[in-house]
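A quick write-up on the structure given underneath.
Just so you know, all these numbers are worked out from the coordinates, no wet-lab data involved. Treat the numbers as computed from the prediction; the structure is a model and nothing was measured. For neighbour counting, all protein chains shown are included, and Cβ atoms are generated from backbone atoms with ideal geometry for every residue, glycine included.
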Amino acid sequence: MTDSIATLFIDGKWVPSSTGETRTVICPADQSEVGVVSEASAEDVDRAILAARAAFESRVWADKPASERGDFLLQVADQLQERKAEFARAEAFDTGKRLVEAEGDMDDITACFRYFGKVAGQNPGRLVDAGDDSVISRVVHEPIGVCGMITPWNFPLLQAAWKIAPALAAGNSFIIKPAELTPHTTILIVDVMDKLGLPAGVANLVLGSGAVVGAPLSSHPEIDLVSFTGGLVTGRKIAASAAESIKKVALELGGKNPNVIFADADYEAALDNALNAAFMDSGLLCSAGTRLILQDTIAEQFVDDLVARAEGIVMGGPLDEKAETGPLISKEHRDKVTDYVKRGIEAGGRLRTGNHWGGAELEQGYFYAPTILDRCTAENPAVVEEGFGPVITVETFSTEEEAIAIANNTEYGLAGAVWTSNSGIANRVSRRLRHGTIWINDFHPYLPQAEWGGFKMSGVGRELGPTGLEEYTESKHIYENTEPAVTGWFPRKG
Ligand code: NAD
């Protein structure tokens, strides 16, 4: 039993796993050891859920004035900035991403805590006109209760923040399970909240596999809401499991995001952003612009220029100052991306660059070079499936209608972009695209004030913005009759 590894946080205490099991976390850039963490058992998860339930029923957090809950989130934001270097290093070593990218993530996470800190309590509900002066009718928003949160490895703390901040703003208790490969920044943020005096049981952290630790968060009867960010296959399992006990479900799943470029777009800006859209963070963004959809008159030149630029992208680990992008998360993941590209080529995609693992100096890491396949058809598996790696597929169109049809030809609907200098085209296309976020002449920016989420199989519900807070509440109608009277509905007979 490894008692010294106490990285589970249950009912206000740092504890080891009840089985003593641990997991070694490695940096995917060079396979160096990052740390050893506890691996929770089913019994640990059960204790964490019951602690969250007890904290919620005690109203210790739910009944605090909303402005105090908001102040708490603002203090978390301040701590994140004070300890930014420590957080960024932990994120960079767990994910392999460059330190500078991890530092940017910490600023985004801070902005998320600040946003929900400021809006906590700004939604007191509304009065409803009952059409009767003796009636006071109002709708109020109450915390939903105990929230189970499951997060992925690509933006570990950012995805956690999108859930933790609104959940606490609304007065809930929660149990969070980060991806098993990237637990360290979630451990750090729970430590921050503990030190700032969050009451015991309100925040609980369990670490471990999806099957043992994640699954109960969607099936346990004491969970009221399960909020999941991750892949479609896991999302389906969670939705099915939550349906058994009629839990509220929020799902942020994958994307197959179109980047539509018309011939009249600012060429240099579109070219530069097409690289960022797909290759930033090694393509490990759910919103990565992996489907490049080019107007046929510019396609050949655009792809030639894109290939030349992509070949200059430097790969490297977190501390490599020359690096512009990092590795994939694991060997298994790189094998999946390699196979995905192989199938894309077999289906007729022409490999223009990439599809290799970098030079000898990178061989300890799970690198995969920026890859471009052109001449892709709609049926090509590389166009259809979310590869989740730095891979662009190229399709072409001639008319606006064709561009819209190609961009919408996916089971996903997370995000997309349109590039044109014609604002009529920009507005028509952006309204017709069936994706949750649309950029016009840009790619990637998002705001904590604006909702994020997917159409179709990209998910259910929204994070961020006012709707992101509402997800963590139940609406209740309170109807008060100020002049109670006999109704006469059941007059006594005889
Ligand atoms: P994943 O689905 O494999 O894992 C996500 C989390 O679910 C992990 O914590 C994992 O341990 C857990 N899990 C696995 N099986 C489970 C089960 N049966 N029950 C409960 N939990 C379980 O996803 P991933 O590979 O970590 O992340 C990549 C995916 O996440 C991509 O598809 C990406 O598009 C998506 N993503 C979406 C968004 C968004 O905002 N829509 C953001 C980031 C990532």
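To the nearest 20 Debye, how big is the dipole of the range 1-130 about its Cα centre, given +1 on the beta carbon of each Lys and Arg and -1 on that of each Asp and Glu? Show your work: numbers first, answer last.
On the way: 15 positive and 24 negative charges, 91 e Å.
It works out to roughly 440 debye.
Can you pull the percent of Cα pairs in the range 259-302 with separation above 18 Å?
25 percent
Here, the range 99-148 is characterised by an Rg to Rh ratio of 1.30, where Rg is the alpha-carbon radius of gyration and Rh the Kirkwood radius. Each label point was placed 7 Å from the Cα along the Cα-to-Cβ direction; for S430 and E363 their separation is 4.9 nm.
Using a cutoff of 8 angstrom between alpha carbon atoms and counting only pairs six or more residues apart, the relative contact order for the range 232-307 works out to 34 percent.
Only Lys, Arg, Asp and Glu carry charge here, each on its Cβ (+1 for the first two, -1 for the last two); on that basis the chain has a dipole of about 1260 debye about its Cα centre. For K256, go through the lysines and keep the ones whose alpha-carbon is under 24 Å away, minus same-chain ones fewer than eight residues off. Of all the lysines, those that pass the test against K256 - Cα under 24 Å, at least 8 places apart if same chain - are K97, K163, K237, K331, K336, K342, K456. Based on Cα atoms of the range 172-251, Rg over Rh with Rh as the Kirkwood radius reads 0.98.
Entry note, the range 149-267: relative contact order of 24 percent, from Cα contacts under 8 Å with a spacing of 6+ residues. A straight line joining the Cα centroids of the range 212-255 and the range 60-127 runs 24 Å.
Adding -39500 (n - 2.57) for every DSSP H run of four residues or longer, then dividing by how many residues the chain holds, sets the calculated 222 nm ellipticity at -11500 deg cm²/dmol. With all pairs of different C-alpha atoms in the average, the Kirkwood value for the hydrodynamic radius of the range 385-494 is 18.0 Å. Dividing the convex hull volume of the alpha-carbon atoms in the range 337-433 by its residue count gives 121 Å³ per residue. Using just the C-alpha positions of the range 414-470 as equal point scatterers, what log10 of I(q)/I(0) does the Debye formula give at each q in 0.13 1/Å? For the range 414-470 at q = 0.13 Å⁻¹, log10 I(q)/I(0) is -0.35. Within the straight-line cut-off of under 14 Å between alpha carbons, the aspartates and glutamates reachable from K476 are E142, sequence neighbours fewer than 8 places apart in one chain being disregarded. Check which residues have an amide H placed less than 5 Å from T353's amide H, if you skip close sequence neighbours. Those qualifying (amide H under 5 Å, at least 5 residues apart or on another chain) are I372. Taken one residue at a time, the phi angles of the range 312-328 give Karplus couplings (6.51, -1.76, 1.60, θ = phi - 60°) of x, 6, 9, 9, x, x, x, 9, 7, 6, 7, 5, 10, 7, x, x, 7 Hz. Gly and Pro are set to x.
All C-alpha to C-alpha distances of the range 34-147, sorted into 5 Å bins beginning at zero, yield P(r) values of 2, 10, 11, 12, 13, 16, 15, 9, 4, 3, 2, 2, 1, 0 percent in whole numbers.
Dipole of the chain computed with +1 at Lys/Arg Cβ and -1 at Asp/Glu Cβ about the Cα centre; of Q159, F262, G365, farthest Cα towards the positive end is Q159. Direction-averaged projected area, Cα convex hull, the chain: 28.6 nm², rounded to one decimal. Expressed to the nearest 5 percent, the antiparallel share of DSSP beta bridges inside the chain is 40 percent.
Taking a ≥ b ≥ c as the square roots of the Cα gyration tensor eigenvalues, with a/c under 1.5 meaning rounded and otherwise prolate when a/b beats b/c, else oblate, which class fits the range 205-291?
prolate
When the chain is described by a simple charge dipole with +1 on each Lys and Arg Cβ and -1 on each Asp and Glu Cβ, the residue from A130, V303, L414 located farthest towards its positive end is A130. Put a plus charge on the Cβ of each Lys and Arg, a minus charge on the Cβ of each Asp and Glu, and nothing anywhere else: the dipole of the range 228-364 about its Cα centre is then about 960 debye. Here the 3J(HN,Hα) profile of the range 117-122, calculated from phi with Karplus coefficients 6.51, -1.76 and 1.60 at θ = phi - 60°, is x, 6, 8, 4, x, 8 Hz, Gly and Pro shown as x. Amide H to amide H, with H built 1.01 Å from N, E222 comes under 5 Å of no residue 5 or more places away or on another chain. Here r is the Cβ-Cβ distance between I136 and S245 and R0 is 45 Å; the resulting FRET efficiency, rounded to 0.05, is 0.85. Amide H contacts of E474: E142, I144, each under 5 Å away and 5 or more positions distant or on a separate chain (H built 1.01 Å from N in the peptide plane; Pro and chain starts excluded). Size of the range 290-399: Rg and Dmax of its alpha carbons, in Å, are 14.3, 47.
A simple rule links phi to the HN-Hα coupling: the Karplus curve 6.51 cos²θ - 1.76 cosθ + 1.60 with θ = phi - 60°, which for the range 174-181 gives 8, 10, 10, 10, x, 4, 5, 7 Hz, with x for Gly and Pro.
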